[in-house]
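Contents: one structure, followed by commentary.
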Amino acid sequence: MSQMSTNPHGVTHQSKTKLLDAALRVIRTRGYAGTTVDDICHAAGVTKGSFFHHFKGKEDLAIRAADYWGEMTGAFFEGAPYHVHNDPLDRVLGYIDFRKSILQGTLPEFTCLVGTMVQETFDTAPAIRDACERSISGHAAKLAIDIEEAMKVHNIKADWTAESLALHTQAVLQGAFILAKAQGTAAIAADSVDHLHRYIEMLFEQRSPNKPID
């Protein structure tokens with residue numbers, strides 16, 4: 001995501017940070033299989049000796065990069081403007097709209113590192129798969145808090161859970177990224193996000209008409 005800043009808490013060594021930042025850029029551009037240690041070192045401007053000082057190899061880097069991505073995106077979304085809404089449903093819908101607003105730049109700039117990696121490694125590298133799952137599920141868990149509160153505030157009784165809807169939003173977003181890559185444009189991803197917004201509105205169509213909305 002092109003608007004996200006780097007250097008989350010917990011990464012202090014300059015060369016290590018450069019390598020992790022390079023991994024985010026290069027893997028999102030070339031994919032995990034198409035990326036080499038030399039590619040990462042070249043993009044980071046560091047030596048292979050420095051690389052192997054910090055990481056055991058490419059798989060170790062990918063695992064650490066997934067965790068780094070989770071920290072970075074977590075901080076980015078915590079500072080997003082949709083949190084100002086008093087109504088939790090408006091925060092959920094604001095989150096969806098915010099996801100649409102950051103579909104900017106080139107495809108590697110707005111698509112997801114962990115979504116890219118897990119598609120390639122889910123069967124061949126379980127440790128990378130698990131790191132990607134931690135990132136995706138961790139992000140969904142934060143959204144689920146607002147969804148659960150919205151269900152209580154708007155008296156929504158359903159056979160689905162806040163957790164399942166939060167994970168569904170991630171499934172739609174990851175699918176939107178795949179469509180964007182297939183068509184070479186963010187427009188199709190934006191359409192998918194719009195559909196997601198409408199879907200959530202329909203789920204909460206019992207919203208009280210007397211409820212003040214920000």
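Read-outs throughout are calculated quantities, based only on the coordinates presented, and are distinct from any laboratory measurement. Please read these numbers as outputs of a predicted model, since none were measured by experiment. Heads up, the Cβs are rebuilt from the backbone with ideal geometry, glycines too, and the neighbour counts pull from every protein chain shown.
When N counts the residues of region 103-179, how does its alpha-carbon radius of gyration compare numerically with 2.2 N^0.38 Å, as a ratio?
1.28
From the phi of every residue in region 25-33, what ³J(HN,Hα) in whole Hz does the Karplus formula 6.51 cos²θ - 1.76 cosθ + 1.60 yield, where θ is phi - 60° and glycine or proline is x?
Per residue, the Karplus-derived 3J(HN,Hα) values read 5, 6, 5, 5, 8, 9, x, 5, 5 Hz.
Counting other Cβ atoms within 10 Å, which trypsin sites (Lys or Arg not before Pro) in region 122-214 have at most 14 and lie in a DSSP loop?
Within region 122-214, the qualifying trypsin sites (Lys or Arg not before Pro) (loop, at most 14 other Cβ atoms within 10 Å) are Lys157.
Using helices alone, what [θ] at 222 nm do you get for the chain, with -39,500 (n - 2.57) per DSSP H run of 4 or more residues, divided over all residues and rounded to the nearest 500?
After summing the helix terms and dividing by the residues of the chain, the value is -22500 deg cm²/dmol.
Length gain on complete extension for the stretch Val37 to Lys181, per 0.36 nm per residue less the alpha carbon to alpha carbon distance? Could the numbers behind the result be given before it?
Details: separation 144, 0.36 × 144 = 51.84 nm, distance 2.41 nm.
Additional length available on full extension: 49.4 nm.
With θ set to phi - 60°, apply the Karplus curve 6.51 cos²θ - 1.76 cosθ + 1.60 along region 56-63 and write out the HN-Hα couplings as whole Hz, x wherever there is a Gly or Pro.
Coupling constants for region 56-63: 6, x, 4, 5, 4, 4, 4, 5 Hz.
Relative to a virtual label point 7 Å from the Cα of Gln119 in the Cα→beta-carbon direction, which members of region 185-201 show backbone nitrogen distances below 17 Å?
Once the point is set 7 Å along Cα→Cβ of Gln119, 185-193 turn out to lie under 17 Å by backbone N, inside region 185-201.
For region 60-202, take the alpha-carbon Rg, divide it by the Kirkwood Rh, and send me Rg/Rh.
Rg/Rh: 0.97.
Through the Karplus equation 6.51 cos²θ - 1.76 cosθ + 1.60, θ set to phi - 60°, convert the phi angles of region 70-77 into ³J(HN,Hα) values in whole Hz; use x for Gly and Pro.
x, 5, 5, 5, x, 5, 4, 6
What is the sum of charges around Gly138, taking Lys and Arg as +1, Asp and Glu as -1, for the other residues whose C-beta is under 14 Å from the C-beta of Gly138?
My count for the surroundings of Gly138 gives -4.
Roughly speaking, what is the stretch gain from Asp130 to Ala171, that is 0.36 nm per residue apart minus the C-alpha to C-alpha distance, in nm to one decimal?
13.1 nm
Would you mind computing, in nm to one decimal, how far apart the modelled labels at Asp60 and Lys152 are, each placed 7 Å from Cα along Cα→Cβ?
4.5
Quick check: pseudo-label points 7 Å beyond the Cα along Cα→Cβ at Ser137 and Tyr199, how many nm apart are they?
Result: 2.1 nm between the two label points.
Let me check against my output: what whole-number percent is the relative contact order of region 14-203, with C-alpha pairs under 8 Å and at least 6 apart?
The normalised contact order for region 14-203 reaches 23 percent.
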